[in-house]
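Read the structure below first, then the notes.
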Amino acid sequence: MEDKICEDCVYWDPNAAVHNDCGVCNRYPPQIATIDHEGMGRGFRPMTKSLESCGEFKKAKASNATATGY
Ligand code: SF4
């Protein structure tokens, strides 16, 4: 059975990573995670590791594997 992991998901962007083996999930719009001192929200998308998964997985046409080294 095929693993349904982030690095093979159409929504995963390894190029937005700031750490090895991590990428950004673009499945949903940015979510308000913090409110700064001026009352303005800051939006973030979740960062996940390449081997993580979730129920929203959708197979990408081409693997992201070369970008992450896996
Ligand atoms: S968290 Fe889910 S939707 Fe986002 S990249 Fe990983 S498997 Fe895909």
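The values are calculated or read from the model by the stated rules, or taken from the named source; none is laboratory data. Keep in mind the model is a prediction, meaning the values are calculated, not measured. All Cβ positions, glycine included, derive from the backbone under ideal geometry; neighbour counts span all protein chains shown.
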| Which of the residues belonging to the stretch 25-59 are free of Cβ contacts under 8 Å to residues at least 24 places away in the same chain and aliphatic (A, V, I, L, M)? | Ile32, Ala33, Ile35, Met40
| message | When the residues of the stretch 31-61 are narrowed to those that are under 14 Å from the mean Cα position of the chain (by Cα) and polar (S, T, N, Q), which ends up nearest to Glu7 (Cα to Cα)? | response | Ser50
| message | Please return the ranges of strands (runs of 3 or more DSSP E) entirely within the chain where 1 or more residues are at pLDDT 80 or above and touching a helix residue (DSSP H, G or I) at 6+ places or on another chain (Cβ under 8 Å). | response | 22-25, 47-49
